[in-house]
Amino acid sequence: MRVMIQLRPSPDLVTAVADPSMTVTTADVAADVMAGLAAGLPGVELDPAFAPVAVPRPLLPAGGGPLPPDRPLDVSLAAGDASVLVRGTIPDDGAAAGAAPRPSFMTADVVGVFSDPVVEHSPVPVGEAPVGDWHDVERLLGVAGLHAEGLDGAGVALAVLDTGVNAAHAARRLGRTVTVDAARCWSPPGGRPAPAPGESGVGHGTMCAFDALIAAPQAALIDIPLLPSARPDGTATGGLLPDSSLPGGLLSDAVAAFAHLRGVLEAQPAETRALVVSNSWGSFSPEGDFPAGHPGNYSDNAAHPFNLMVAALDRMGADVLFAAGDRARERPGGRRAFPSRPIAGANSHPRALSVGGVDVNGGRTGCSSRGPGRLTARKPDVCAYTRFAGSRAFGESEPDSGTSAAAPVAAGLVAAVRTQWPAARLSPAQLRALLRRTAEDRSEVGFDYDYGYGTLDPGAIVAALDRRSRSAA
């Protein structure tokens, strides 16, 4: 079974792993904790291609109790608090697949063993007729008005974690220049040879970039081809899926990607910090995960290392958005899907914006996953537009569809807002609350599990920001 192993090496080694200017290998970490690792995890095989990642420790409120979803979770990367994550495999025995870990798993050095499931984007329906085109989306987002207010994404970093971006294709379809911030792009080590930033093949990631740039054409793209990554044995994870045409990655690569984005945030001046992270992927199957209730589970476990990384980015000032997903009882190739509550893991994170899909006429698309979510019941948060003729990433007649398109549409709107409202002026939690409060109700009054709080309403968002600006003057 593929796992992430959370270790507590010496404080000096933790400090080195957390420092992006230093190079620390899995072998370095293993040598530091080998006795505890061998005792706690017999038969473990570590992946030498994976660069260890520092995982922050959450700092819970004094007196305990749950933390409100819109209050940032304080975390610590201090050497005495943080731990280090490596990845590998453990034997597929009863402890790995069953209901409870063996007590010997936990030692002074082995903090935890967590699932490392395959992550993937939802398959885009083929042959589905588009409803409207991207100019309709541009109109519904009030892009002309946003730009008249100076809200066009200039100075904002927009990370697209997906299959990779073809910037030239997106630029041709948009009819304008697309900026790729090559110095801040990243790809998982040890996988398929990575193309140059912004030069991936045209596909799902290009669709996501195009859709985000509708509202924020001046944003600087950070291209993170997360999904075409590698297995610990060095083969591409596409071969792990029954349908090898559907790119897949490992959740551990997402942990590493978020660690990279943590460095991007730290390098930005605190007063102008603006990073929007668009994620149109998820773990949509219980396969490869520990069962719910197991301490190593991902789908329902806020303490999983990736879910902690999401909370840490939010705390530092990043806006993290996830597609709610496109519900299906089977994944490609007959893989099992979640039979209920398909919005799982970080796609239902309390400190991320979970985005469902509506067409340009306001009707909910049938594939858009319905709540409740697994980490937070009230998911999706909001809906954005999908199923429109746009990037043509899958052919001239194929629409940009699914919540895979809706999430970057919403991310582009967030990036436009961030042009003049950096995190120091409006925290990610405050912006999420604003988006929910101003959303246009589509069904029941208030929240419902189909539309969340409703469809994003750019005009109401701008009006609320104007009121906030006047009240602060």
Report task. Report the charge-dipole magnitude of the range 285-409 in Debye, nearest 20, computed about the Cα centre from +1 at each Lys and Arg Cβ and -1 at each Asp and Glu Cβ. Result -> 380
Requested in this report: Using the charge dipole of the chain (Lys, Arg: +1 at Cβ; Asp, Glu: -1 at Cβ; taken about the Cα centre), state which of ALA302, ALA144, GLY454 has its Cα farthest towards the positive end.
Outcome: GLY454
Report summary line: Output ordering of 395-407, 136-148 (per-residue mean of other Cβ within 10 Å, highest first) is 395-407, 136-148
**Report entry** For the chain, with +1 on Lys and Arg beta carbons and -1 on Asp and Glu, the positive-most of PRO372, MET34, VAL14 along the dipole
**Finding:** PRO372
Requested in this report: May I ask you to order 122-135, 279-292 by the average number of other C-beta atoms within 10 Å around their residues, highest value first?
Outcome: 279-292, 122-135
**Report entry** Read-out Cα extents along the principal axes in Å, derived from the coordinates shown; its label in (1) 62, 52, 44; (2) 159, 135, 41; (3) 63, 47, 43
**Finding:** (1)
Query raised in the report: If you plug each phi of the range 360-372 into the Karplus form 6.51 cos²θ - 1.76 cosθ + 1.60 with θ = phi - 60°, what whole-Hz ³J(HN,Hα) values come out, in order, with x for Gly and Pro?
Result: 5, 8, x, x, 5, 6, x, 7, 4, 5, 9, x, x
**Report entry** For a label point 7 Å along the Cα-to-beta-carbon line of ALA148, residues of the range 419-455 with backbone N under 20 Å
**Finding:** 419-421
Requested in this report: Would you mind checking which residues have amide H under 5 Å from VAL55's amide H? H placed 1.01 Å from N; only 5 or more apart, or other chain.
Outcome: SER83, VAL84, LEU85
Report task. Whenever you get a sec, line up HIS304, HIS169 from highest to lowest accessible area (probe 1.4 Å, protein heavy atoms). Result -> HIS169, HIS304
Query raised in the report: In degrees from 0 to 90, rounded to the nearest 10, what is the angle of the helix 402-418 Cα long axis to the longest principal axis of the chain?
Result: 80
Query - Beta bridges by DSSP in the chain, antiparallel share as percent, to the nearest 5 - result: 55
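Can you give me the accessible area per residue for the chain, using a 1.4 Å probe, in Å²?
Values: 16890 Å² over 473 residues.
That works out to 36 Å² per residue.
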Query raised in the report: Relative to the longest principal axis of the chain, what angle (0 to 90°, nearest 10) does the C-alpha long axis of helix 305-316 take?
Result: 50
Query raised in the report: About its Cα centre, what dipole magnitude does the chain give when the only charges are +1 on Lys and Arg Cβ and -1 on Asp and Glu Cβ, stated in debye to the nearest 20?
Result: 800
Query - Relative contact order of the chain, defined on C-alpha pairs under 8 angstrom at six or more residues apart (%) - result: 18
Query raised in the report: Once both axes come from the Cα atoms, what is the angle between helix 26-40 and the longest principal axis of the chain, in degrees from 0 to 90, rounded to 10?
Result: 60
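For the peptides 45-51, 463-469, what is the packing order when you average, over each peptide's residues, the other Cβ atoms within 10 Å and list the highest mean first? Walk me through the numbers before you get to the answer.
Working: 45-51: 18.4, 463-469: 13.6.
Packing order, densest peptide first, comes out as 45-51, 463-469.
What full-extension length gain, to one decimal in nm, is calculated for ASP450 and ALA31 as 0.36 nm per residue of separation minus the Cα-Cα distance? If you can, show how the numbers build up before the last one.
Numbers: separation 419, 0.36 × 419 = 150.84 nm, distance 5.02 nm.
Residue separation times 0.36 nm, minus the Cα-Cα distance, leaves 145.8 nm.
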Report summary line: Excluding ligands, DNA and RNA, the carbon-plus-sulfur percentage of the accessible area of the chain with a 1.4 Å probe reads 53
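The values are calculated or read from the model by the stated rules, or taken from the named source; none is laboratory data. Computed from a predicted structure; not experimentally measured. All Cβ positions, even for glycine, are placed from backbone atoms using ideal geometry, and neighbour counts span all protein chains on display. Heads up: the accessible areas ignore ligands, DNA and RNA and are worked out on the full protein's heavy atoms, side chains in. Shrake-Rupley method; radii C 1.70, N 1.55, O 1.52, S 1.80 Å.
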